1. Name the long-range amide H neighbours of residue 120: under 5 Å, sequence gap of 5 or more, or other chain; modelled H, no Pro or chain starts.
2. Scan around residue 225 for amide H atoms under 5 Å from its own, H built in the peptide plane at 1.01 Å from N, and keep only partners 5 or more places away or cross-chain.
3. Compute the relative contact order of segment 1-158 as a whole-number percentage, counting only Cα pairs closer than 8 Å that sit 6 or more residues apart in sequence.
4. Answer with one residue from 200, 119, 55: the one whose Cα lies farthest towards the positive end of the charge dipole of the chain, charges on Cβ with Lys, Arg +1 and Asp, Glu -1.
5. For residue 39, list long-range residues whose amide hydrogen, built 1.01 Å from N in the peptide plane, is under 5 Å from its own amide hydrogen.
6. Work out which helices of the chain, taken as complete DSSP H runs, extend at least 15 Å along their axis over the Cα atoms and score a mean Kyte-Doolittle of 1.0 or more, then list them.
7. Could you pull out every one of the lysines with an alpha carbon less than 19 Å from that of residue 234, ignoring same-chain neighbours closer than 8 positions?
8. What number, in percent, do you get for the relative contact order of segment 100-212 if the mean sequence gap of Cα pairs under 8 Å and at least 6 apart is divided by its residue count?
Amino acid sequence: MPRKLAAGNWKMNGDGASLAEIDALLAAHPAPGVDILICPPATLIERMARRIAGGPVAVGGQTCHTAASGAHTGDISAAMLAEAGASHVILGHSERRADHGESNETIRAQAEAAMAAGLHVILCVGETEAERDADVTLEVVGGQLAGSIPDGVTGATLTVAYEPVWAIGTGRVPEIAQIAQVHDAIRAALVDRFGPEGGAMSILYGGSVKPGNAAEIFAIANVDGALVGGASLKAADFSGIIAALEAA
C-alpha cells in the first residue's frame, strides 16, 4: 500500500529563525501516524537535518543537477544534498519547469542522478490554466509522467505529486471530481508501466492545500497525502494538514 506523506515545500522562504517552526512541529507530532517531510532552501538543509536527527521528520531538497559535480555555478548535486542530510528531493515542480526551462528529459536525468545518490524523488506533474481550459489535462499529465519518470523506479524510490499550476498559491482548488479524475489516471498510468510497484507509489495532491480543505481532499481515492507550499511554513498550519492526513 502507498505510504501517507505530508510534504512541505518552503520554496525560497525561511532563515535560521524559521527552524523554530520545526521544533513546534515536532512537539505537536512526536509520534506521527504518517510520514512528514520538509524541503527547505538549500541553506537550511544541514541545520534542519541536525536539529531533527533521529526525529520523525525527514528533510529534502527542492531540486538537483543532473551531474554529480562539475562547472555548474550556483547548482547543487544530489550527492551534496545527501551529504547535507537530505533523504528526498522535489523534481519537476512547475516553477522549475517555467522559471528554469526544465524539460521532461532534464527532469528524468535529474531523477536518475537523485536515485543514484540514494534520494527519494518527489516528481511533480500538472497542467496550466490554459491546458485545463483546453481540456487536455490528462494528455499533459500523462506526457509528463511518461517523459519525466525513469525506468526501474519503485514505491521506495518515487512519489508523484499532482499540482495543477493554476491552483498553486492562488487559493483556487479544483473540484473534488477533477482531483479524483487526475489521480485515478496517474495511478492507472503507473500501474500500467510499473505493475504492482505502480500501485505502491504514493500520489500527493498539491495546490492551495490548507487545514480547512485537507480532510475533503484526503478522502479522495488515490490521494495519499499532500505537497504543501505556503501552509507548511508555519507549524500551526501544517500541523492541521498532518492531523487531517492521519485521520484519513
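1. 88, 89
2. It is 5, 205, by chain and number.
3. Relative contact order comes out at 18 percent.
4. It is 55.
5. 8, 9, 10, 60
6. On the way: long enough: 104-116 (18 Å, -0.29); 137-148 (16 Å, 0.67); 176-194 (27 Å, 0.59); 235-247 (18 Å, 1.26).
Long hydrophobic helices here: 235-247.
7. Straight-line reach from residue 234, under 19 Å: 11, 210.
8. Values: 153 pairs, mean separation 33.7, N = 113.
Relative contact order, segment 100-212: 30 percent.
Values quoted throughout were computed directly from the atomic coordinates according to the rules given, and no laboratory measurement underlies them. Not measured: the values here are computed from a predicted model. All Cβ positions, even for glycine, are placed from backbone atoms using ideal geometry, and neighbour counts span all protein chains on display.
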